[in-house]
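Report on the following structure.
The values are calculated or read from the model by the stated rules, or taken from the named source; none is laboratory data. Remember, predicted model here, so these are calculated numbers, not experimental data. Positions of Cβ are generated from backbone atoms using ideal geometry, with glycine treated the same way; all protein chains shown enter the neighbour counts. The protein model used for the area step is the full one, side chains on, heavy atoms only, and it has no ligands, DNA or RNA in it. Shrake-Rupley method; radii C 1.70, N 1.55, O 1.52, S 1.80 Å.
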Amino acid sequence: MMCRRQLSECQHLRCSSLDTPPTMIKAILVFNNHGKPRLTKFYQYFNEEMQQQIIKETFQLVSKRDDNVCNFLEGGSLIGGADYKLIYRHYATLYFVFCVDSSESELGILDLIQVFVETLDKCFENVCELDLIFHVDKVHYILNELVMGGMVLETNMTEIITRIEDQNKLEKQEGPYNSASTSSLKAGLAAAPARAVSAVKNMNLPQQIKDIKLPDLPAAIKDLKF
Amino acid sequence: MPAVRGDGMRGLAVFISDIRNCKSKEAEVKRINKELANIRSKFKGDKTLDGYQKKKYVCKLLFIFLLGHDIDFGHMEAVNLLSSNKYTEKQIGYLFISVLVNTNSDLIKLIVQSIKNDLGSRNPVHVNLALQCIANIGSKEMADAFGSDIPKLLVSGETMDVVKQSAALCLLRLFRTTQEIIPGGEWTSRIIHLLNDQHMGVVTAACSLIEALVKKNPDEYKGCVSLAVSRLSRIVTASYTDLQDYTYYFVPAPWLSVKLLRLLQHYPPPDDPGVRGRLNECLDTILNKAQEPPKSKKVQHSNAKNAVLFEAISIIIHSDSEPNLLVRACNQLGQFLSHRETNLRYLALETMCLLATSEFSHEAVKKHQETVINALKTERDVSVRQRAVDLLYAMCDRSNAEEIVQEMLNYLETADYSIREEMVLKVAILAEKYAQDYTWYVDVILNLIRIAGDYVSEEVWYRVIQIVVNREDVQGYAAKTVFEALQAPACHENMVKVGGYILGEFGNLIAGDTRSAPAVQFQLLHSKYHLCSAATRALLLTTYIKFINLFPEIKSQIQDVLKSNSNLRSSDAELQQRASEYLHLSVTTTTDVLATVLEEMPPFTEKESSILAVLKKKSGRMSAQEAQREARVQAREGNAAPATEKAQNAQLKTKPSSNAAFPIPQLNNSTSADLLGLSTPPATQNSIQSNTGVLVDVLGDLYGGGGTNTHNGTTTPASLSMSGATDNIKKFVCKNNGVLYENDIIQIGIKSEFRQNLGRIGVFYGNKTSMPLQAFNPTVSVGPGQQGKVTVQVKPVEPSIDAGAQVQQLVNCECIEDFNGLPDLTVGFTYGNVPQRLALHLPLSCNKFFEPTDMNGESFFARWKNLSGPLQEAQKIFKATGPMETASIKTKLLGFGMQLLEGIDPNPENFVCAAIIHTRTQQIGCLLRLEPNRQAEMYRLTIRASKESTAQILADLLAEQF
């Protein structure tokens, strides 16, 4: 018994020594209606196993809630309990969950999620779950323009899109191998600022995304030509 | 569908589709392992990969990681990508590192140079990649490496806005790890002046940074107040077309407004009347705007607008100085309470909790009581109901306590399981705090037990008993009420406990009524007896013996119960003991003695209600709010204590036995030690000795008041001396691991290992009780026999051990030269407010540094002869204390640390051993001969050592082992 205790003691020590100081946003998780992670970003160190457990726990907490209840709830025990809030939005097949501490405004974060999704929507032209799956890297780059080290970096969508566009310009100047990728993405982005402005005025994004009729995913895969 | 889908990395897309087409988890794992093997071989292969390939493989690894598979390679490839000339390769390298590399990885050292290069790049996109990476890792190494570059980047006139913005947040992140990173002096004003920056993004980021700095050093950054106010003022008065890009759904710069308002909450209202006026103007405008018709029907518009509004209300509450604004804020929140947006209702309830504690707005909040109660009944979302409970708790005062408590009780019947325990605590606290009539209080607690018995913790029912015992006027009522409650066919065990205790003390007050005659009371309680747990039965047995004293007429009936096999021969030691001791007490003692022993409980010394402490512990997030609230409530009630309360206090003071029976609970983390004595009345304890944990608890508490016995320099409460403590120190001469000491409170275990002249001892302290051990402080000190000869280094331990927990303390030691005796180990702690001190020894004796040495007979005897100096030999002849079995003697000698040399001594009965003691200064060769004489049951022990004095030390140590 002593040995086991000792062991758990050690583990405890290890965990606490690795804990980074508290961040405002501890984690950003995107998963689908079945709990499959589509984007995870932790701003505090957790080992791989813990990350997966946190995703599971969060999915269980969030997915059992009705669509019309409030968008805030206390965090699960793994991610910091009542000291942290889960602020989430549910778009069609995806949940976007931000785990934040009390130093952030709840409504502010809710809007930030909206900005994130609207930006994805601009960059991918009607974003859907498949875009997140096939473009993990791009999604990360976009997120990096919004949130940095657990802190809100930029909230202005025009500005964010300009920066993504700058990156794409650099990409374009480089080797031929990804010209296919950039040309298409660029086509979407070059026109973005103008369209973004108009879109901001007349878009009700949750509605729009919900309206997209996504075929069942396995079927969608079959239809895709690679 | 957009054309992005058809883009470049075909291999990646194929792989992802393969995975998604997998029919089973096994198939998926198989496919992934195949891919991992493929990538691994590609990375290891001779062929140099081009950037595209590297990028593709890293992307695959990221995808595999996202699926929850551990990635243990590819890191070096990612590090190499960082220094690539191509932006896309660099970018993916950074991505891999930010997702997969943790702060402590050795790789950090390898990437510092690449980051430095990018940080100095002329291309802002590269600089930002570097800043993002630093901020994501955010470790001390990063702070050390870039601590000087980033502040410069932040304030330099040449830095582009995009970079400045990232630099501000990056600096903030590093500041959280390493506070010294922010240079003081002139930097302070330069950082503050970022609030005036043209670029709104920069101002927002700077605002976050300044807020963190202000938390640490409010005075130094005081200058930010007026700048923040004027910035806020410009935003608030701007029309939504002014700020263009930073207008979000017709709301000008909502995020920046929120940040500025947060920043200002770190300061009291500005002293400068101009600044103060401007701030109030802003707040006024924000409140006004809330009343304007929305400029858009989009939820984003109202969200953004309300985010600012809630922050404004928050600062109004925080300043707590403008009655006009407070009331307006309250009215605004009141509107939100019945808003159709659930989020707003949630936030309104949450914010109103704070408002309820301000003396200006407390009354205004109370106007919404109906709505809040309604929310409790009708909200569909448990998160919202939880906030409603919090608010009711916060808005409760003497005038509405009865109604609120009643509503909470009603709700409790159907409440979500997840919040029941917290609700029970809240109801118990409110009932106690605002009780004007204690019969009401008793009713409430009994209702709690009836409705949610499983969630009524010990603290709650202990407390009701404490209060009944201390208040004469309520005792008769309590006895009557519990008697009635117990008549329910199925009542909760907690009810039986409370009922048993109260009837045992005050059953006589209702015995006059034939419906509750003594025999009836007894039969009622005893009808529950067999359904209860052992702990409750034990409590009931105490009630029965108390009945014998109160009602001699039912003595024989009770004695029959005590005599019954199920008690006298109970498998539970505690029950058996109580039954037999109580039986003897009732048979052998005179009525006078019985009456003295079983006298009514004396009033409890009044301490803080322990329930509040439990509640605070339960709701961690609430604690700060709660603290603020308590402070304010006290201030408020202190100012305007109603006449009745004062009268009550005066009346209480005339009663010496109970001082201020119902003080407003103080902020204090005292534990519930005061209540532990309740499970058995202390009055009977003096005559009963037992060594079970429960009784030690009680005695610990009893002796706590009466001081401790001092003997032999060791202060130990008497309770310990009778509880069969075992000190195994002697056994440790011949072993390294095991239990060193044990009593009813603590178990101390040892694991140790020694190599050469160094040793490491792990001391394990286990708390055997159900209460934390506080002020825990074990110390090790070397005695005169070891001074300068052995060094011990003790790692500190936490000052408390939770109930049932074990902590480990590491002791590093070094032997400098041979030493005598053992270092002292003194373990001090308080248990239930009683200081305890255990004077023990650390099992660190000279022989621990033995290294067994093998040799043949020839060299043994040669050495033996060499060591013939008078002080090189020590001999002892002593009587055997245990059986003289060969096997156990061998075990002891081996445990002593020496090599057992077989077939060397001509007499096979004898044992010879050899070993070397390692000290820092020298090695001491030691030889041993042990001759048992079985007829005489004696031993002769002879030890020779190369150093004078060592032989004697070893002989003394070993002789005691046989």
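Would you mind counting up the charge near residue B:199? Only other residues with Cβ under 12 Å from its Cβ, with Lys and Arg at +1 and Asp and Glu at -1.
-4
Report the accessible area of residue B:50, computed with a 1.4 Å probe over the heavy atoms of all protein chains in place, in Å² rounded to the nearest 10.
We get 80 Å² for residue B:50.
Rounded if a/c is under 1.5, else prolate if a/b beats b/c, else oblate: with a ≥ b ≥ c from the C-alpha gyration tensor eigenvalues square-rooted, which is region B:134-222? Show your work: numbers first, answer last.
Working: a/c = 1.58, a/b = 1.13, b/c = 1.40.
Oblate.
Report, in debye and to the nearest 20, how large the dipole of region B:847-959 comes out about its Cα centre when Lys and Arg carry +1 and Asp and Glu carry -1 on their Cβ.
So the magnitude is around 280 debye.
How about region B:319-358: which trypsin sites (Lys or Arg not before Pro) there are in a DSSP loop, with at most 10 other Cβ atoms within 10 Å of their Cβ?
Sites meeting the loop and neighbour criteria: B:340.
Could you check the spin-label model distance between residue B:331 and residue B:910? Points 7 Å from the Cα along Cα→Cβ, value in nm.
According to this spin-label approximation, the distance is 10.7 nm.
Count the net charge of all other residues whose Cβ sits under 12 Å from the Cβ of residue B:814, scoring Lys and Arg as +1 and Asp and Glu as -1. Write out the running numbers ahead of the final one.
Values: positive: B:755, B:760, B:789, B:848, B:920; negative: B:817.
Charge balance in the 12 Å sphere: +4.
So if we plug the beta-carbon distance of residue B:862 and residue B:726 into 1/(1 + (r/R0)^6) with R0 = 45 Å, what FRET efficiency do we get, rounded to 0.05?
0.50
Can you send over the solvent-accessible area of residue B:141, 1.4 Å probe, protein chains only, in Å² to the nearest 10?
The accessible area comes out at roughly 90 Å².
Where the centroid of each part is defined by its Cα atoms, how far is region B:232-288 from region B:863-915 in Å?
When both Cα centres are located, 88 Å separates them.
Grab the eigenvalues of the alpha-carbon gyration tensor for region B:1-101, scale each by 5, take roots, and send me the semi-axes largest first in whole angstrom.
Numbers: eigenvalues 98, 58, 33 Å².
Semi-axes, largest first: 22, 17, 13 Å.
Using a Cα-Cα cut-off of under 15 Å, which aspartates and glutamates could be cross-linked to residue B:795, ignoring same-chain neighbours fewer than 8 residues away?
A:9, B:814
Cα gyration tensor of region B:340-486, axes a ≥ b ≥ c as square roots of the eigenvalues: rounded (a/c below 1.5), prolate (a/b > b/c) or oblate?
In terms of gyration-tensor shape, prolate.
From the alpha carbon gyration tensor of region B:229-282, can you work out the equivalent ellipsoid semi-axes (sqrt of 5 times each eigenvalue) and give them in Å, largest to smallest?
Calculated on Cα positions only, the semi-axes equal 23, 12, 6 Å.
With just the Cα atoms defining each centre, how far is region B:136-177 from region A:104-134? Give it in Å.
That distance is 27 Å.
Take residue B:871 and residue A:33, extend 7 Å from each Cα along the Cα→Cβ direction, and tell me the distance between the two endpoints in nm.
Calculated label separation equals 9.0 nm.
Quick one: of A:138/B:216; A:41/A:85; A:85/B:56; A:56/B:297, which pairs are farther than 26 Å apart, Cα to Cα? Spell out each step's value before the answer.
Details: A:138/B:216 37 Å; A:41/A:85 16 Å; A:85/B:56 36 Å; A:56/B:297 35 Å.
Going by Cα-Cα distance, A:138/B:216; A:85/B:56; A:56/B:297 fall outside the 26 Å limit.
Let me check against my output: what whole-number percent is the relative contact order of chain B, with C-alpha pairs under 8 Å and at least 6 apart?
Values: 1379 pairs, mean separation 43.9, N = 962.
Relative CO of chain B lands at 5 percent.
How much length, in nm to one decimal, is gained on full extension between residue B:798 and residue B:266, taken as 0.36 nm per residue of separation minus their Cα-Cα distance?
Values: separation 532, 0.36 × 532 = 191.52 nm, distance 3.24 nm.
Length gained, residue B:798 through residue B:266: 188.3 nm.
Given labels modelled 7 Å from the Cα in the Cβ direction, how far is it in nm from residue B:47 to residue B:106?
If labels sit at residue B:47 and residue B:106, their model points lie 3.0 nm apart.
So what is the relative contact order of region B:1-101, in percent, for Cα pairs below 8 Å that sit 6 or more residues apart? Show your work: numbers first, answer last.
Details: 64 pairs, mean separation 23.1, N = 101.
About 23 percent, as a whole number.
At 1.4 Å probe size, put B:28, A:125 in order of accessible surface, largest to smallest.
A:125, B:28
Provide A:64, B:528 ordered by accessible surface of protein heavy atoms (probe 1.4 Å), highest first.
Largest accessible area first, the list is A:64, B:528.
From a point 7 Å beyond the Cα of residue B:775 in the direction of its Cβ, which residues of region B:817-855 have a backbone N at a distance under 18 Å?
Of the residues in region B:817-855, B:826-839 have backbone N under 18 Å from the label point off residue B:775.
Regarding region B:535-609, what is the average projected area of its C-alpha convex hull, in nm²?
That works out to 6.0 nm².
How much of the pair distance distribution for chain B lies past 45 Å, counting alpha-carbon pairs only, in percent?
Numbers: 266120 of 462241 pairs.
Everything past 45 Å amounts to 58 percent.
Taking one equal scatterer on every alpha-carbon of region B:235-333, how large is log10 of I(q)/I(0) by Debye at q = 0.12 1/Å?
The Cα Debye sum returns log10 ratios of -0.37.
By its C-alpha gyration tensor, with a ≥ b ≥ c as the square roots of the eigenvalues, how is region B:461-528 shaped: rounded for a/c under 1.5, else prolate for a/b larger than b/c, else oblate?
oblate
Please state the Cα pair-distance histogram of region B:330-395 with 5 angstrom bins from zero: what percent is in each bin?
Result, from short to long distances: 4, 22, 37, 26, 10, 3, 0 percent.
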